[in-house]
1. Specify the angular offset, from 0 to 90 degrees and rounded to the nearest 10, of the alpha carbon long axis of helix 41-67 from the longest principal axis of the alpha carbons in the chain.
2. Compute the long axis of helix 19-29 from its Cα atoms, compare it with the longest principal axis of the Cα atoms of the chain, and write down the angle in degrees, 0 to 90, nearest 10.
3. Can you pull the Rg over Rh of the chain, Cα-only, Kirkwood?
4. Run the helix sum for the chain: -39,500 (n - 2.57) per DSSP H stretch of 4+ residues, divided by residue count, reported at 222 nm to the nearest 500 deg cm²/dmol.
5. How much accessible area per residue does the chain have, in Å², with a 1.4 Å probe?
Amino acid sequence: MIIFALVAIAGWILLNRTTFGRRTIAVGGNAEAARLAGIRVQRHTTYLYVLLGSACGIDAVMLIARTTTGSATHGQLYE
């Protein structure tokens, strides 16, 4: 629960208090309008995928620590 709270607070700060968050909202709302506003949509989308991959990596480590084993099917149907 502590890690969830820390990640949730960090995500809230990132999305609501930084230009990265404003750009994320713009790209998610309308990518073409964001491109016309001067945001490099492709680069920003890549940054978002890197951020998502990092979050999935943290989750995978926590899941492995909880189950004390690694398997290719761990996390299946956790969407």
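The values are calculated or read from the model by the stated rules, or taken from the named source; none is laboratory data. What you are looking at is a predicted structure, and each value in this text was computed from that prediction instead of being measured. Side chains included, ligands, DNA and RNA excluded: accessible areas come from the protein's heavy atoms. Shrake-Rupley method; radii C 1.70, N 1.55, O 1.52, S 1.80 Å.
1. Relative to the chain, helix 41-67 is tipped by roughly 10 degrees.
2. Its long axis makes an angle of about 90 degrees.
3. On the way: Rg = 15.9 Å, Rh = 14.6 Å.
Expressed as Rg/Rh, it is 1.09.
4. Details: 4 runs with 60 residues, N = 79.
Taking each H run of at least 4 residues, the total per residue is -25000 deg cm²/dmol.
5. Numbers: 6510 Å² over 79 residues.
Roughly 82 Å² per residue, with all protein chains present.
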